[in-house]
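This report refers to the structure that appears directly beneath it.
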Amino acid sequence: VVFFCIYIILTILMPQIVNLSTNNIGNPIIFYLEAFCGIAAYIFLSKIIANLFLLKNVLIYLGKNSIILLALHWIIFLNLDRILFLLTSRHFPLLTLIDGFLYSILTVILLIPVIFITNKKFPMLIGK
């Protein structure tokens, strides 16, 4: 919890643009402190998720079927954008983290029937 709080505080109070392709990490001390706190926070979060039975099973199911998600997520994503454009006559760029999270959750929900059908009717497509 402490690492997560430090990570959030550093991210909010000292935002810096990090671009590893150009080796631009800003202040190296803050960069590495933030990186290690973020890693520790996600390890701790993973241990908490491991104790939550329902969420653990959902993540295991999605992990076992990740090849289908990888293959089809972009098709769903583009069609969601088209549907929203037809309904509202404007594009919705992903401006915030919440927008991306909502699109991702909706994409996974829409792909669950496809995963089920693929596993039942066409298992050879995914190497089963």
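Here the simple spin-label model places points 7 Å from the Cα toward Cβ, and for ARG90 and TYR42 these points are separated by 3.4 nm.
Of SER66, SER89, which has the most accessible area with a 1.4 Å probe, and how do the rest follow in descending order?
Details: SER66 60, SER89 90 Å².
These residues rank, largest area first, as SER89, SER66.
Two tests apply to each whole DSSP H helix in the chain, Cα reach of 20 Å or more along its axis and mean Kyte-Doolittle hydropathy of at least 0.5, and the ones passing both are 28-51, 66-88, 97-121.
Go ahead and run the numbers for FRET between LYS120 and ILE75, Cβ-Cβ distance against an R0 of 22 Å, rounding to 0.05. Efficiency, from the Cβ-Cβ distance: 0.65. The helix-only estimate of mean residue ellipticity at 222 nm for the chain, built from DSSP H runs of length n ≥ 4 each weighted as -39500 (n - 2.57), is -25500 deg cm²/dmol after division by the residue total. In the chain the Cα-Cα distances spread across 10 Å bins starting at 0 as 10, 25, 29, 28, 8, 0 percent of all pairs. A crude spin-label estimate for the pair MET14 and ILE112, with each label 7 Å from Cα along the Cβ direction, gives 4.2 nm.
By a 1.4 Å probe calculation restricted to protein chains, VAL108 has an accessible surface near 40 Å², given to the nearest 10.
Can you count the Lys pairs in the chain with C-alpha separation below 17 Å, eight or more apart or on different chains? Lysine pairs satisfying the spacing and distance rule in the chain number 6.
Just the number: Rg to Rh for the stretch 31-89, Cα atoms, Kirkwood Rh, two decimals. Don't skip to the answer; put the middle values down first.
Numbers: Rg = 17.4 Å, Rh = 14.6 Å.
When Rh is taken as the Kirkwood radius, the ratio is 1.19.
Heavy-atom accessible area with a 1.4 Å probe sorts ILE117, ILE29, ILE126, largest first, into ILE29, ILE117, ILE126.
The values are calculated or read from the model by the stated rules, or taken from the named source; none is laboratory data. Everything numeric in this text was worked out from a predicted model, so none of it was measured. Here the Cβ is made from the backbone with ideal geometry for all residues, glycine too, and neighbour counts use every protein chain on show. Side chains included, ligands, DNA and RNA excluded: accessible areas come from the protein's heavy atoms. Shrake-Rupley method; radii C 1.70, N 1.55, O 1.52, S 1.80 Å.
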